[in-house]
Amino acid sequence: MRTERRPRPTSRVAALTAAVLAGGAGLTAGAVTLATSAAGATTACEVDYAVTSSWQGGFQADVTLTNLGDARSGWEVSWQQADGDHVSQVWNGRLVQDGAQVRVADAGWNGTLATGATASFGLIGTSAGAAKVPASFSLDGVACTGDVPTTDPSDPPTEPTDPPTDEPGGPADATFFVDEGTQAWDAWQASSGTDRALLEKIATTPQASWVTDADPAEASAGVADYTGRAAAAGATPLLAVYAIPGRDCGSHSGGGTDEAAYRAWVEQVAGAMVGEPWVVLEPDALPQLGDCDGQGDRVGMLADAARILDEAGARVYLDVGHSAWLPAAEAASRLQRVGLEHVAGFALNVSNYRTTDESRAYGEEVSALLGGVPFVVDTSRNGNGSNGEWCNPRGRALGERPAVVDDDSHLDALLWVKLPGESDGACNGGPAAGAWWQEIALELARNASW
C-alpha cells in the first residue's frame, strides 16, 4: 500500500529559486513583501507572491496574505499583472479579472482573519515569456505603502477574551473507540502466555476501521455497525476511507471503485455514519497523484468526498503521505489544489514508519505553508523509525498510543490508522495485504518501548 520515495534535499520553491539565481532559463521565483495601510491605520497586510513553477507559455504561483491590521471578515487582494501574463485559475480564493487587473477575494471559509493571521491561495496563468512577480498589491482597494498601523495611545485597552473552546467533535472531545471486532482482538483472545500479553498491547489500543469494499452496500453496512458500536460506547470512531479509483496504482492494495461510482459510494458511506467520526481520507491518493493511469479527476473526487463526509458530520483529515515522500511545498500545493474548506487538516505517516519527531517537524512545515492547518500522525508502527522499506520491514516496533495533543503545536492527535499485525502485502514473507500475520504482530509488540 505504501510507496517509499527518496527524500529530496530542498523544497520545490527553494530549488526553483536556486535555479533562478543560477540563471536558469524560463524560471522566475521570488516574493514581494509589502504592507498596506488605510486612513486611520485599520487596514494593513503583507503579500508574499512566489512563482513556484514555470513552463513554456505558463506558470504557477503561491500567494500568502498576512493581515497586519484589525481583525477582518472578508478580504480582496488585487494587483496589476505584468504585460503578457494572464491568470486563468485560482484555488482557495475567488478570481475576478478585468484584463491585466487581477482581483482575488476570499473563498468564504478563509475570509475571517485575526491580526497576524494568514490566508493562502494558489494560481495558474499563461505567460508570453518568463512569469514576473507583480510590482505592487492592494488590500480591499488600499494601495500597499509599507506602513504598518500603530495603536493610538488614547485608545482604551482591549479587554482580554477567553480563548475559544474546541468545537463539538473536535480534538478536545475525542476518546477513541477500541474495536472488539478486529483480527488483533481475535488473535489476542485465542492466545495464551507471553503471546497473549504481547497481543493485548495491539488489541486493546484504539485504531481505525478501514472502509475498502467497492460494494457500497457492504461498505456502508460495515460503517454503520462500527460507528454505531462506538456511539453506544460513548467513544469517537476512526475511519480510513480507502476506495478511490486507481487505488495504490494497482500494487498490493490495488482496487477501488469505478470513477463514475465513487461519489455515490462516498454518499452511501457518509449516510451510514453514526455520530461524528474522525476520517482519514484516501491514504496515498494525493502522494500518488498522476503516478499511474485510471485516476480520473482525482483532485475533484477528493474535494467532493471531503465535502460529502464533512457535511455528514465527519472530522476529515486528507492524507498527504509522509516526511520522506513529498517536499513540504509540494504537499501543501496538492492540499491546496483539493481545497481545505471541508477538511479539519491533513494526515501523515499512514501505514509508514517515520518517527513521531520527524513527522511532527514535517507536519509543522506543511502547516506553516497553509496558514496553520492542523494535522494528525499515524504512530502505529513507528516505534523504531524507518529502515527505508515500506512493505513488511522487519525489526520495527509499535509506536506511541493514540492520544489527543493539546499543546502550542498544530498537531491534533497521534492515531493508529494502520492496524498493526495486518500485512502490507505479499512481500518480505508476508501474506496478502490486510491479512493477519501473527509473527510480525508479536515482533512489533515485543520491540515496543512500553
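The values are calculated or read from the model by the stated rules, or taken from the named source; none is laboratory data. This one's a predicted model, so the numbers in the text were calculated from it and none came from an experiment. In this analysis, Cβ positions are derived from the backbone assuming ideal geometry, glycine residues included, and neighbour counts consider all displayed protein chains. Accessible surface is based on the protein model in full, side chains and every heavy atom, while ligands, DNA and RNA are left aside. Shrake-Rupley method; radii C 1.70, N 1.55, O 1.52, S 1.80 Å.
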Count of residues meeting criterion [in contact with a helix residue (DSSP H, G or I) (Cβ under 6 Å, 6 or more places away or on another chain), among the hydrophobic types (A, V, I, L, M, F, W, C) and surrounded by 21 or more Cβ atoms within 10 Å (Cβ to Cβ)] in the range 310-323: 2
Which listed residue is at pLDDT 80 or above and open to solvent by 90 Å² or more (accessible area, probe 1.4 Å), from Ala135, Ala131: Ala135
The range 98-117: number of residues that are open to solvent by 50 Å² or more (accessible area, probe 1.4 Å) and part of a strand (DSSP E or B): 4
Whichever residue in the range 244-279 is crowded, with 24+ Cβ neighbours inside 10 Å and touching a strand residue (DSSP E or B) at 6+ places or on another chain (Cβ under 7 Å) and, among such residues, is nearest to Ala426 (Cα to Cα): Arg247
Single unsatisfied condition, Asp412 versus (1) in a loop (DSSP other than H, G, I, E, B); (2) under 23 Å from Tyr317 (Cα atoms); (3) open to solvent by 10 Å² or more (accessible area, probe 1.4 Å); (4) touching a residue at least 60 places away in the same chain (Cβ under 8 Å): (1)
Subset of the range 63-110 [without any contact (Cβ under 8 Å) to a residue 24 or more places away in the chain and of a type in the set (A, V, I, L, M)]: Val96, Ala100
Residue match in the range 283-290 (condition: open to solvent by less than 10 Å² (accessible area, probe 1.4 Å), of a type in the set (S, T, N, Q), under 23 Å from the mean Cα position of the chain (by Cα) and on the phi < 0 side of the Ramachandran plot): yes
Hits in the range 362-400 - residues which are open to solvent by less than 40 Å² (accessible area, probe 1.4 Å), in contact with an Asp or Glu (Cβ under 6 Å, 6 or more places away or on another chain) and assigned to a loop (DSSP other than H, G, I, E, B): Pro374, Thr379, Cys391, Asn392
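Quick one: is Ala50 farther than 30 Å from Ser253 by Cβ, among the small types (Gly, Ala, Ser), in contact with a helix residue (DSSP H, G or I) (Cβ under 9 Å, 6 or more places away or on another chain) and at pLDDT 75 or above?
Details: farther than 30 Å from Ser253 by Cβ: yes; among the small types (Gly, Ala, Ser): yes; in contact with a helix residue (DSSP H, G or I) (Cβ under 9 Å, 6 or more places away or on another chain): yes; at pLDDT 75 or above: yes.
Yes.
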Top-ranked residue of the range 98-129 - restricted to ones that are touching a Ser or Thr at 6+ places or on another chain (Cβ under 9 Å) and aliphatic (A, V, I, L, M), ranked as nearest to Gln56 (Cα to Cα): Ile124
Matching residues in the range 183-203 - criterion: being surrounded by fewer than 19 Cβ atoms within 10 Å (Cβ to Cβ) and in a helix (DSSP H, G or I): Gln183, Trp185, Asp186, Gln189, Ala190, Gly193, Thr194, Asp195, Arg196, Ala197, Glu200
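For the range 338-351: of the residues being open to solvent by 10 Å² or more (accessible area, probe 1.4 Å) and part of a loop (DSSP other than H, G, I, E, B), which is farthest from Val90 (Cα to Cα)?
Going residue by residue through the range 338-351, those that are open to solvent by 10 Å² or more (accessible area, probe 1.4 Å) are 338-344.
Pick out the ones that are also part of a loop (DSSP other than H, G, I, E, B) and you get 339-344.
Numbers: Gly339: 11, Leu340: 14, Glu341: 14, His342: 17, Val343: 19, Ala344: 21 Å.
Checked the range 338-351; the qualifying residue farthest from Val90 (Cα to Cα) is Ala344.
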From the options Glu159, Glu180, residue that is at pLDDT 95 or above, farther than 30 Å from Val96 by Cβ, assigned to a loop (DSSP other than H, G, I, E, B) and open to solvent by 50 Å² or more (accessible area, probe 1.4 Å): Glu180
Among the candidates Leu419, Leu335, Leu326, residue that is open to solvent by less than 40 Å² (accessible area, probe 1.4 Å), not aromatic (Phe, Trp, Tyr) and not in a loop (DSSP other than H, G, I, E, B): Leu335
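Any residue at all in the range 225-243 that is polar (S, T, N, Q) and either surrounded by fewer than 20 Cβ atoms within 10 Å (Cβ to Cβ) or more than 20 Å from His342 (Cβ to Cβ) (or both)? First the steps, then the outcome.
First pass over the range 225-243, keeping only residues polar (S, T, N, Q): 227, 236.
Pick out the ones that are also either surrounded by fewer than 20 Cβ atoms within 10 Å (Cβ to Cβ) or more than 20 Å from His342 (Cβ to Cβ) (or both) and you get none.
Within the range 225-243, not a single residue is polar (S, T, N, Q) and either surrounded by fewer than 20 Cβ atoms within 10 Å (Cβ to Cβ) or more than 20 Å from His342 (Cβ to Cβ) (or both).
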Counted residues, the range 425-437 - those being in contact with a Ser or Thr (Cβ under 7 Å, 6 or more places away or on another chain) and of a type outside the set (Gly, Ala, Ser): 2
